[in-house]
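These notes are about the structure you will find just below.
The values are calculated or read from the model by the stated rules, or taken from the named source; none is laboratory data. Just so we're clear, the structure is a prediction, and the values are computed from it rather than from any experiment. FYI the Cβ positions are ideal-geometry reconstructions off the backbone, even for glycines, and counts take in every protein chain you see. Quick note on the areas: whole protein, heavy atoms, side chains included, nothing else; ligands and nucleic acids left out. Shrake-Rupley method; radii C 1.70, N 1.55, O 1.52, S 1.80 Å.
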Amino acid sequence: VDAAVMERSLNELVRRHEILRVRFVLREEGPVQLVETDAPIQFTVTDLSSLEPDAREKTGLHIALETVREPFDLNAGPVLRGRLIRLATTDHLLCIPMHHVVSDGFTGSILLDDLVAIYDNFAAEKPGGLPDLALHFTDYAAWERHYMDGPRLEEQLNYWRSVLQNAPSSLDLPTDVAGSFDSDRRGYVRSIVIPDDLLGRLQSLAQTNGTTLFTVLAAALRVLLYRWSGQADFLLGTLVSNRSRTGTERLIGCFVNPLPLRNPVAGVQSAMTLLDKEKKAVMDGFAHQDCPFALIVKDLNPERTSNDNPLFNVALLFQNFPAIARSGCYFEAEQIDFDTQVALLDLRFIAMETSGGLQLSCEYKAARFSEDTVDTLLQGYAEVLRTVERDPARVVDDIELPQRLTEQAVAARARDHRRTIAIAASFTSQPIEERLNLLLTELEMSYRVTFTAHHDVLGQLLDPTSAIRASDGFAVVLLRLEDGTNSKLADDLITALREAETGQVPVILCFCPESRGAGLNANSREGFYRSLEAKVADAFANSKMVCVVPSAETLDLYPTEEYEASARQRRNGVPYTEDFFSALGTMLVRRIWGLSENRYKVIAIEADQVLWKGRWAEDGRVTVDEPRRLLQNSLIEQRNAGMLLCLCSRNSEKDIQASFDSDSDPAMPLRRGDMAANAINDRTYAENLNELAGELGMGLDRFIFLHTDEAECLRVEASCPEVLTLQMPTDPDAVRPWLKHVWAFDLCNRARRESGADLRDQNRSV
């Protein structure tokens, strides 16, 4: 190969295909493609012919890998580079990295065909140029933007909205390594080959059922992933070539479009039934393949991190593009198998027909999975395919996986187990997930959030096998009363909650405010709904398993002036603003924390400046003003709910007694006899807290300490970090809101914890 001719040929290739001369510049309205008139490529020649024969190819492949890994600058360009590695006089590696934004699987064969023709002409000293193209990818991109707009776009988006409503954002896979490694793109590929005879039978199965080999592969993969992960509903990604428009067959560019395919698995159904459903999912999805994936994501706005792929983290590709090989007058070229050691999805399965059978490959993230697990996963895939072909009537739950894969999944689930917060709602409630996960992480509470199909909340409460009843953490019901059509909704709800109350999972019912335009006039409507909420709340006021949160309580604790969503969001079934979902999520985590994590049993109080204003020793009298009377009444409520009150003071016993005795009217609600224990002396607060802990037989992690002095609070925090140390505000106007926002003072369902059913210990043992 003549390096100079090759460089000239590649530059002519770039001139011929406009998309290879494009830069992508970020503007206010988004990225814009700018076509450069002249964009010479970066071309490098590396000569390894002087190395020992055994070292040449190994070194050449290493250099090729480094060439691929070099990042692109889409703003400055170019989007294509070239490198020629000379191994010997007649043996070369040609590396042509292209950014995926301008290339797809079909691009390789088109590029090589053009390159060989151009090189032949230049080498023979003929005019090198091929006939100019009548259509460029930049034209196609502009046409697609115009074509997929207005009613046509809305019709496509309506389909995807209906299919993807409430879809999980990812498949929860049993990884080999704990933790999140979204930013780690290291990946490898493992492969097996399905023999020709089995491939033929799979093709016959597809033909008999009026479908394609891809559909059979997708159904079998769905069975494998369901049996391995235990997750029935997930999106399986794939790619469509999207080269149906005349003139696109010979264009370089990224025409492929990702599609998320949804087909929830029912373990009791047969493999054939699942295959029939997969056939429909594939046909419907491909019938709506023209809608750009980016517009689907933009419309649905799914929850995601900055690094993960939206909507799906596992995909299946069926590669049927032409082989990349060509013989010219001056050289012969073929593509070599080359692992770029990069994975953008957790798992990407690739099927390709070869002369020896069907090659099944799996590209995987090395930070999540081991080579052995992926090899076993591929073997399991092959076994599922054999079972589906041999016995399509087999029930999905009876299809076996390799023992090692089952053991790996069990070990991963045990290692990563997080209790489930299962949410059923009468409306689309997924926007609450972000706030929940944020607070759960901040509070180091190990839960995962799942959502059930919305609307039928009563049925889910009544069904002991439903997702919310089967949860091992909490069942959450988010209910907007106006969503119910039954005039006896409150009675039916009480009946359903009574049934759920007999289970093992605590139920939190959060009433949500009604829309301002829902029936009745404003005052009558509010009174009507509040009375229904009160009826349900009263029915479970003393329940140990059901916690009812009225809508007014959420809005009182977390005021949200504009809680109603925009008209567009409401059309998509989302009734509330992000602010309200944030408030609702905070309220929900607060209740969960109170039921499972709040283990505080003792409130230790410094009397001076906390229970009353002033010090007896200095003034000869003390005053109980309105804020401190409010605090004392709150402490009495805590005592009545089971908390132990203690005095922890550096004052004298005589002065404390005089302070209590100095005022016998209701201005001093709290009495010395309300205290379960006392530590009153001139020792440090830390010493007194330890003394109280010993006297009461409790750990310091059960104590709350109240004081108004910041320095004293800091000293207690340093000496007794297990104690929850709270600095009470000195501003009288701040006491009431402060009391309202101390989660540890919440009285909701404290009776359950006092009954001996400690949810945190119970759930942790699970």
Legend entry - Quotient of Cα Rg and 2.2 N^0.38 Å for the stretch 650-742, N being how many residues it contains: 1.18
Legend entry - Pairwise Lys count, the chain - Cα closer than 24 Å, eight or more residues apart or different chains: 9
Inset, instruction - With a/c under 1.5 counting as rounded, go ahead and sort the stretch 57-129 into rounded, prolate or oblate using the C-alpha gyration tensor (a ≥ b ≥ c being the square roots of the eigenvalues; past the cut-off, prolate if a/b is larger than b/c, else oblate). - result: oblate
Inset, instruction - State the three equivalent ellipsoid semi-axes of the stretch 221-341, derived from the C-alpha gyration tensor as the square roots of 5 times its eigenvalues, in descending order and whole Å. - result: 32, 19, 17
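Tell me, rounded to the nearest percent, the portion of alpha carbon pairs in the stretch 588-665 spaced more than 17 Å apart.
It works out to 54 percent of all Cα pairs.
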Legend entry - Kirkwood-type radius of the stretch 376-486, with distances r between different C-alpha atoms, in Å: 17.0
Legend entry - Theoretical ellipticity at 222 nm over the chain - DSSP helices of four or more residues, -39500 (n - 2.57) apiece, nearest 500: -12500 deg cm²/dmol
Inset, instruction - For percent of Cα pairs over 53 Å apart, several values are listed as [x] 15; [y] 30; [z] 19; flag the one computed from this structure. - result: [y]
Legend entry - Per-residue ³J(HN,Hα) for the stretch 151-164, Karplus 6.51 cos²θ - 1.76 cosθ + 1.60, θ = phi - 60°, Hz, x for Gly and Pro: x, 5, 5, 4, 5, 5, 5, 4, 4, 5, 4, 5, 6, 9
Inset, instruction - Would you calculate the volume per residue, in Å³, of the smallest convex hull containing every Cα atom of the stretch 74-229? - result: 302
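Sort F24, F745 by heavy-atom solvent-accessible area, probe 1.4 angstrom, most to least.
Sorted descending by solvent-accessible area, the residues read F24, F745.
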Inset, instruction - State the answer as a single residue: which of I592, T44, P627 lies farthest towards the positive end of the charge dipole of the chain, with beta carbon charges of +1 for Lys and Arg and -1 for Asp and Glu, about the Cα centre. - result: I592
Legend entry - Karplus (6.51, -1.76, 1.60) ³J(HN,Hα), θ = phi - 60°, over the stretch 258-267, in Hz, Gly and Pro reported as x: x, 10, x, 9, 10, 7, x, 8, 10, x
Inset, instruction - Using Cα centres only, tell me the gap between the stretch 328-384 and the stretch 691-710 in whole Å. - result: 61
Inset, instruction - Take the stretch 275-383, compute every pairwise Cα distance, and split them into 10 Å bins from 0; I just need the percent in each bin. - result: 10, 30, 34, 20, 5, 0
Legend entry - Computed lengthening from D113 to Q203, 0.36 nm per intervening residue step minus Cα-Cα distance: 29.3 nm
Inset, instruction - Might you report the magnitude of the Cβ-based charge dipole of the stretch 361-509 about its Cα centre, with Lys and Arg at +1 and Asp and Glu at -1, to the nearest 20 debye? - result: 220
Legend entry - Dipole magnitude of the stretch 9-82 about its Cα centre (Cβ charges: Lys, Arg +1; Asp, Glu -1), debye to nearest 20: 140
Inset, instruction - Taking 7 Å along the Cα-to-C-beta vector as the label spot, tell me the S241-W743 distance in nanometres, rounded to one decimal. - result: 5.5
Legend entry - FRET efficiency estimate (nearest 0.05) - Cβ-Cβ, T44 to E407, R0 51 angstrom: 0.55
Legend entry - Prolate/oblate/rounded label for the stretch 563-692 (Cα gyration tensor, a/c 1.5): prolate
Inset, instruction - Compute the long axis of helix 53-69 from its Cα atoms, compare it with the longest principal axis of the Cα atoms of the chain, and write down the angle in degrees, 0 to 90, nearest 10. - result: 50
Inset, instruction - Keeping all protein chains in place, calculate the accessible area per residue for the chain (probe 1.4 angstrom), answer in Å². - result: 46
Legend entry - Computed lengthening from E28 to A4, 0.36 nm per intervening residue step minus Cα-Cα distance: 4.5 nm
Inset, instruction - On the protein heavy atoms, probe 1.4 angstrom, tell me the percent of accessible surface of the chain carried by carbon and sulfur. - result: 49
Legend entry - log10 of Debye I(q)/I(0), alpha-carbon scatterers only, for the stretch 222-293 at 0.15, 0.17, 0.27 Å⁻¹: -0.59, -0.70, -1.22
Legend entry - Amide hydrogen neighbours beyond the local backbone of V342, cut-off 5 Å, H modeled: G187
Legend entry - Integer Hz, Karplus 6.51/-1.76/1.60 couplings in order for the stretch 384-394, x for Gly and Pro: 5, 4, 4, 5, 4, 5, 7, 9, x, 7, 4
Inset, instruction - Quick one: dipole size for the chain, taken about the Cα centre, charges +1 on Lys/Arg Cβ and -1 on Asp/Glu Cβ, in debye to the nearest 20. - result: 1200
